[in-house]
Structures are given as C-alpha cells and as structure tokens.
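Novice: Handing you a structure now.
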Amino acid sequence: MKNKEKQSFQNEYTSFMSRKTNLRQTQIITLTDYHRKQIEDIQQDKQNMLKDFQKKKDDLRTQLKRKKDLLEQTKKELDSMNEYQVHCKSNRKLF
C-alpha cells in the first residue's frame, strides 16, 4: 500500500504542479496581452495627438499669414497717407 500511496501522492503533486504552472503561464499571457493593449492604446493616443498638433500648427500658420498680410496692407496704407501728408504740408507752405 505504501507504493500505491506514494504513487498517488506523486500523481497528485504532479497534477497540482501542472495546474500551477498552467495558471502562471496563463497569468503571464494575460499580463502580456494587457501590456500589449496598453502599448497599442498609447500609440493610438500619440497618433491622435500628432494629428491634432499638426492641425493646430497649420491653423496658426494660416492665422500668422493673414496677420502678416494685414500688416503689410496697413503699412502700405500708412505710407500712402504719409505721402499725402507731406504733399499737403508742402502745399500749405506755398500759400
């Protein structure tokens, strides 16, 4: 009987260790899947942020161009007015 008990104990122990090993492997796979999903989510967030950044950058460039154009137009108008003022002042001196 001792051999049967010993064999039974060994079988139970082997079965227990096998279940424990399988459980750990499953946990590792599950954890790896979890981390893989986290990495994918982070990469997707990064892509979304880059797209948003590029759009904002383009919008700001467009605004800057408009402001530069407006400034240039205003400078031209100011120069035009200055010429008029100089012309008016010189005409006053004549009278």
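The values are calculated or read from the model by the stated rules, or taken from the named source; none is laboratory data. No experiment lies behind these values; they were computed from the predicted model shown. FYI the Cβ positions are ideal-geometry reconstructions off the backbone, even for glycines, and counts take in every protein chain you see.
Novice: From 38, 25, grab the single residue that is surrounded by 10 or more Cβ atoms within 10 Å (Cβ to Cβ) and modelled with pLDDT under 90.
Specialist: 25
Novice: Related question: Quick check on residue 61: is it surrounded by 10 or more Cβ atoms within 10 Å (Cβ to Cβ), part of a helix (DSSP H, G or I), at pLDDT 90 or above and out of contact with any Pro (no Cβ under 8 Å at 6 or more places or on another chain)?
Specialist: Yes.
Novice: If you scan the range 64-79, which residues turn out to be modelled with pLDDT under 95 and acidic (Asp, Glu)?
Specialist: 77, 79
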